[in-house]
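Below is one structure, written out as structure tokens; comments come after it.
The values are calculated or read from the model by the stated rules, or taken from the named source; none is laboratory data. Because the structure is predicted, anything quoted here is derived from the model rather than measured. As a convention, Cβ positions derive from the backbone with ideal geometry for all residues, glycine included, and neighbour counts pool all protein chains shown. Remember, those area values only see protein heavy atoms, side chains included, never the ligands or the DNA or RNA. Shrake-Rupley method; radii C 1.70, N 1.55, O 1.52, S 1.80 Å.
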Amino acid sequence: MATVIATYNIKGGVGKTSAAVNLAYLAARDGGRTLLWDLDPQAASTYLFRIRPRVRGGSDALIRRRTPVLAQIKATDHDRLDLLPADFSYRHMDLALDSFKHPTRRLAKVLEPLAEDYDTIFLDCPPSISLVSESVFDAADVLLVPIIPATLSSRTFDQLAELAGAAGGPRVFAFFSMVETHKALHRRVMARLRGVHQLTMLGAAIPASEDVEAMGEERDPVGAFAPASSAAMAYEALWWDLRRRLAVPA
Amino acid sequence: MSPEYVAEQPLSLRVIAAALDGAFRFGPVSVREEALTVYDTFDGRLAAAGLAVAVTGPEAIPARARALAGRRALLELATVTVRTETVSLWDDLDKTVLRLELISAPGLTPRVRLHGLRGYEAERALIFELLALTEAPLSLTDEAILAAGGRPGGVRAKVRVSLNPGERSDAAVAAICLALWEVVDANLPGTLADTDAEFLHDLRVCVRKTRSVLKELPGVWEPGERARWREEFRWLQQITGESRDLDVALEDLDALAGLLEDETDRRALAPLATVIARRRAAARRIMVRELRGGRARALGPAWTAALTGLPERSEADRPDGATPIGRLAADRILAVARQMVKLGRAIGPDSAPEEYHTLRKHGKELRYLLELFGLELGEREQIAPLLDALKDLQEVLGRHQDREIQAHTLRGMAEEIAALPGGAQALIALGRLLGALAADGADARGEFAAAFGAFAAKPQQAALRTALGR
Ligand SMILES: Nc1ncnc2c1ncn2[C@@H]1O[C@H](COP(=O)(O)OP(=O)(O)OP(=O)(O)O)[C@@H](O)[C@H]1O
Ligand SMILES: [Mg+2]
């Protein structure tokens, strides 16, 4: 059975896609058969793997399972790492979901046939609260939440605390993203959040780094083009921490 | 291993780039060049198992290959300098759609392996078409073996010559005997050099099969000719016999010692190995001298000339020369099978060893007839079960007799063993071993009834008649 990990945050631009791409790369490098499903119509993960944002029949055919999901999957240039691309039709995924009796169970259904093909499946979510994100909560075993220490709004925090507390939902882990440790504000927020018991903060933090920004130019995970960079090291540490925690059942 | 493909014109990166015509671009190219040696046993055991071993040297031979080789020596069949250029083919987004390996070696046909990526099947098909690829008729290792004068797939004692039931018997017999001789001849150098014991074994198997053909299908030959060749092959069998027996004795030594329960006894047998090795060396010297002598060297050319000329010779003295082989072989096979059933039914617990021995000799003839002719002329699936039952029966009969031969050989060594250091203890252990051998031989006799019953069963024999269309 594949473990499903979703990078999620209601806020945009916090490092969800960067985390999904880099962690999926590391999962595959470590020998796991890995799939990354780009759920965002902006298709940022798809772009980062140089894959054409095109889904035959669009999100509608996928959600209604009119085309076999395996036939939509593309191998990336990295061994064992595959991608289920996004395209612009994903804008209307909510509508497609809404036509089902149990819309939130739908993404899990779409993934069902892949359970034996992959060890780990990453979901890269668009920023929002929608039927798509609710469907993600249902499909995922783990929510991985990037938090920029400067900008944590109380609304975001309340939602996270609620998710983490929900019975039967995914396990929730958060980590600090785009950290600038020289800023006093960042240090204060981090210290405060680490003391909140509803939320498991992972030890590793991803620093604000030009190498992560350069992913857009290089169109590759940082580990592939700058393996010795501090950002690459930080993603290694994050992956290592997450794996260790997943090895222990909840 | 993914398949190798070739194209009409010799493949090179330049040729490939030109054929792709801008539809796909090359990513970075990596090049590896290694001197590889191709290993296999003489009878091609690795090739038969789909395991082609082309490695940098003997230390790199995988353990699995060594296990498959068993007692056979792994021979260096060819050495080639292989250049592998690996390149990713990119689409317009610089996304890899396929990885291509171009494999080349001096004097051999360059070829490619394609490693497609999931979701890029259409691109792979297009590349396949642009390069106009076809599956390579020979693998690189097979081509290398061929270029070095070897035989891809190896030389096996189990020769197969496809026969047509309507063809003349003399032509069929000549074709089979020529194929058998090829194997005898091919195994001669390894026999002389003592590369491993199986060369001599395979050589002798094919000599024995040749003798069976000469014996069982007399009517295709003039009587004088046939007598001459039977004598020549009897002689060849005889001059190689003792060496083979001692090869077997040496190979069986551990298994034999295993019949003894006492560890001290087993260790006391050590002088036995010394004596066998000594005798084996002496027997080999005589055999090698004979095999290098004039009679042996004249045999091959004369025999092959006689075989190729056989169908053209006058049929006055050869009543079955033109008989269709389907009929001739079927009649002979059924006659031998009937004879065996009759002989076997007469055997009981108190029968003399000679009776078992006679049955076994017939069994050997039947087995060769079935393998060389029956399987080729009749319905394979119907004949195979009978052949299996026959092999089981032969195994039981053989064990009985082999134990007697072993006991005889060992008794003949007693004096020599006694003269060696530790000889007295060895003799005591030998005595126990002879006792254990007799007991084991008796066991084999107990299994006879069941094995014979399976072979002689009415439906089994009836199936043979049907399979041969009689
Ligand atoms: N650690 C970092 N250091 C510097 N820049 C970063 C870092 N992480 C992400 N970025 C940059 O911030 C931008 C947003 O990052 P990313 O796409 O990973 O976030 P996201 O949460 O997936 O965004 P969205 O909500 O739009 O999907 C990108 O331009 C990315 O290059
Ligand atoms: Mg994103």
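Checking each residue in region A:204-247 for being touching a Ser or Thr at 6+ places or on another chain (Cβ under 7 Å) and within 14 Å of chain B (Cβ to nearest Cβ) picks out no residue at all. Being within 14 Å of ligand 1 (Cβ to nearest atom) and either surrounded by fewer than 20 Cβ atoms within 10 Å (Cβ to Cβ) or of a type in the set (Ser, Thr, Tyr) (or both) is the filter here; which residues of region A:1-40 pass it? Across region A:1-40, the qualifying residues are A:7, A:8, A:10, A:11, A:12, A:13, A:17, A:18, A:25. Against the conditions (1) at pLDDT 90 or above; (2) closer than 26 Å to residue B:258 by Cα; (3) of a type in the set (A, V, I, L, M), residue B:444 satisfies every one except (1). Residue-level check: of (1) farther than 18 Å from residue B:140 by Cβ; (2) outside any loop (DSSP other than H, G, I, E, B), residue B:54 misses just (1).
For region A:125-148, check the following and say yes or no: at least one residue is at pLDDT below 80 and under 16 Å from residue A:14 (Cβ atoms).
No, every residue in region A:125-148 fails to be at pLDDT below 80 and under 16 Å from residue A:14 (Cβ atoms).
Restricting attention to region A:54-78, the residues being facing chain B (nearest Cβ under 10 Å) and crowded, with 16+ Cβ neighbours inside 10 Å number 7. In this structure, residue A:162 does satisfy being more than 16 Å from ligand 1 (Cβ to nearest atom) and open to solvent by 40 Å² or more (accessible area, probe 1.4 Å). For residue B:124, state whether it is part of a helix (DSSP H, G or I), within 14 Å of chain A (Cβ to nearest Cβ), more than 21 Å from the chain's Cα centre (by Cα) and not aliphatic (A, V, I, L, M). Yes, satisfied. At least 2 residues being within 20 Å of residue B:348 (Cα to Cα) is the threshold, and among the helices (runs of 4 or more DSSP H) wholly inside region B:373-458 those reaching it are B:380-412, B:423-446, B:448-456. In region B:69-110, of all residues being free of Cβ contacts under 8 Å to residues at least 24 places away in the same chain and not in a strand (DSSP E or B), the one that is least open to solvent (accessible area, probe 1.4 Å) corresponds to B:95. Within region B:207-249, being among the small types (Gly, Ala, Ser) and more than 23 Å from residue B:288 (Cβ to Cβ) holds for B:212, B:219, B:224, B:227. Taking each residue of region B:8-19 that is part of a helix (DSSP H, G or I) and looking for partners that are loosely packed, with under 15 Cβ neighbours inside 10 Å and modelled with pLDDT under 95 with beta-carbon atoms closer than 7 Å, six or more apart or interchain, yields B:15/B:9. Restricted to region A:41-53, and to residues there that are open to solvent by 20 Å² or more (accessible area, probe 1.4 Å) and part of a loop (DSSP other than H, G, I, E, B), the residue that is farthest from the other protein chains (Cβ to nearest Cβ) is A:41. The residues on offer are B:324, B:349, and the sole one that is modelled with pLDDT of 95 or more and not small (Gly, Ala, Ser) is B:324. In the condition set (1) open to solvent by 60 Å² or more (accessible area, probe 1.4 Å); (2) under 38 Å from the mean Cα position of the chain (by Cα), residue B:130 is compliant with all but (2).
The set of residues from region A:79-90 being more than 13 Å from chain B (Cβ to nearest Cβ) and in contact with a helix residue (DSSP H, G or I) (Cβ under 8 Å, 6 or more places away or on another chain) comprises A:86, A:87, A:89, A:90.
Note on region B:250-264: among residues that are open to solvent by less than 20 Å² (accessible area, probe 1.4 Å) and in a helix (DSSP H, G or I), the one that is nearest to residue B:286 (Cα to Cα) is B:256.
Taking residues in region A:175-187 that are under 17 Å from residue A:157 (Cβ atoms), and partners anywhere that are not aliphatic (A, V, I, L, M), the pairs with Cβ atoms closer than 7 Å and at least 6 places apart or on different chains are A:175/A:146; A:176/A:149; A:177/A:15; A:177/A:146; A:186/A:149; A:186/A:180. Here is a check on your reading of the model: is residue B:305 out of contact with any helix residue (DSSP H, G or I) (no Cβ under 8 Å at 6 or more places or on another chain) and open to solvent by 40 Å² or more (accessible area, probe 1.4 Å)? The answer is yes for residue B:305.
Condition check: closer than 18 Å to residue A:148 by Cα and either within 19 Å of the chain's Cα centre (by Cα) or outside any loop (DSSP other than H, G, I, E, B) (or both). Does residue A:224 satisfy that? No; evaluated as a whole, the condition is false for this residue. May I ask you to list the residues in region A:209-221 that are surrounded by 17 or more Cβ atoms within 10 Å (Cβ to Cβ) and assigned to a loop (DSSP other than H, G, I, E, B)? Selection gives A:209, A:219, A:220, A:221. With the structure loaded, tell me whether residue B:336 is open to solvent by less than 20 Å² (accessible area, probe 1.4 Å) and farther than 27 Å from residue B:203 by Cα or whether it fails that test. No.
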